[in-house]
Amino acid sequence: MMIGPVVNLLEVPPSELRFRTSSGRVSLDLVATIGERWRRRFERLRGPEDLDRWCSTVGLPAAAAATPGDLQDVRTLRAAIEALAVAAMEGRAYPEPAVTTVNDQAVRPDLAPWLTDEGSELRPGSHDRVRSTVARDAVDLFGGPFARKVRECSADDCALVYVDTTRGGTRRWCSMQACGNRTKVARHRGGPRTGREDGR
Ligand SMILES: [Zn+2]
């Protein structure tokens with residue numbers, strides 16, 4: 001599969017800009033900031049403030065507001081992770097530039113874990129640390145046994161990437177509530193698919 005550029009669409013409904021967090025891994029959740037990977041590949045991280053929103057959505061506390069440079073750097077990391085995911089799904093060797101990009105970021109300090117009365121949390125840190133945390137997740141994922149369990153949603157109109165952690169490897173959808181039910185209902189009716197609530 002060819003990986004095309006990510007485009008800024010002017011008119012995107014707010015629901016389409018909502019971040020998807022059902023992949024099971026934060027590194028793949030970053031890839032899901034590309035909307036409609038299967039078709040239009042539109043940008044959900046349109047400005048630095050979107051990156052800050054994404055960080056709080058996925059639970060990576062940034063200590064300061066993102067800068068345009070942070071946005072550029074996270075997009076570069078995202079492209080590398082997407083390339084690794086596609087290679088993993090196609091059973092190909094990981095592309096060298098993507099490996100280098102992820103490793104260069106992962107070697108830097110990440111967000112520190114912090115023990116609390118109620119468990120643990122991540123200490124707020126720079127966006128550099130945020131990216132390192134995401135990159136280390138990618139190293140763990142693509143360097144480990146779950147690399148073979150990276151999948152793309154089976155719905156025709158969705159390409160969210162996730163990790164199939166079911167024991168039998170039977171998960172077919174990014175989300176049963178959204179794509180799973182939508183596809184089943186459409187097949188049952190024999191008609192076009194409706195109700196685009198989530199995914200893509
Ligand atoms: Zn889906």
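Need pairs with beta-carbon distance below 8 Å; first residue more than 10 Å from the ligand (Cβ to nearest atom) and within region 176-189, second of a type in the set (S, T, N, Q); sequence gap 6+ or separate chains.
Val185/Thr194; Ala186/Thr194
Please go through region 17-54 and pick out each residue that is over 12 Å from the mean Cα position of the chain (by Cα), in contact (Cβ under 8 Å) with a residue 60 or more places away in the chain and in a helix (DSSP H, G or I).
Matches in region 17-54: Leu51 only.
For region 129-172, give me each residue that is without any contact (Cβ under 8 Å) to a residue 24 or more places away in the chain, surrounded by 18 or more Cβ atoms within 10 Å (Cβ to Cβ) and within 13 Å of the ligand (Cβ to nearest atom).
Arg171
Quickly run through region 111-169 and pick out the residues that are small (Gly, Ala, Ser), closer than 21 Å to Ala64 by Cβ and under 19 Å from the mean Cα position of the chain (by Cα).
Initially, region 111-169 is screened for residues small (Gly, Ala, Ser), giving 112, 119-120, 125-126, 132, 135, 138, 143-144, 147, 154-155, 159, 168-169.
Pick out the ones that are also closer than 21 Å to Ala64 by Cβ and you get 112, 125-126, 132, 135.
Residues satisfying the conditions are Ser132, Ala135.
Only one residue in Arg167, Arg131 is of a type outside the set (Ser, Thr, Tyr) and within 18 Å of Ala80 (Cα to Cα), so which one is that? Full working, then the answer.
Numbers: Arg167 fails: within 18 Å of Ala80 (Cα to Cα).
Being of a type outside the set (Ser, Thr, Tyr) and within 18 Å of Ala80 (Cα to Cα) holds for just one of Arg167, Arg131, which is Arg131.
Could you list all residues from region 77-102 that are surrounded by 14 or more Cβ atoms within 10 Å (Cβ to Cβ) and of a type in the set (S, T, N, Q)?
Looking only at region 77-102, we keep the residues that are surrounded by 14 or more Cβ atoms within 10 Å (Cβ to Cβ), and these are 77-89, 94-95, 98-99, 101-102.
Within region 77-102, just Thr101 meets the criteria.
Which of the residues that make up region 81-90 are within 12 Å of the chain's Cα centre (by Cα) and without any contact (Cβ under 8 Å) to a residue 24 or more places away in the chain?
Passing the criteria: none in range.
Every number here is computed from the coordinates shown, using simple stated rules; none is lab data. Predicted model only: the values in this text are computed from it and were never measured. Methodologically, a virtual Cβ is constructed for each residue, glycine included, from the backbone with ideal geometry; neighbour enumeration extends over all protein chains shown.
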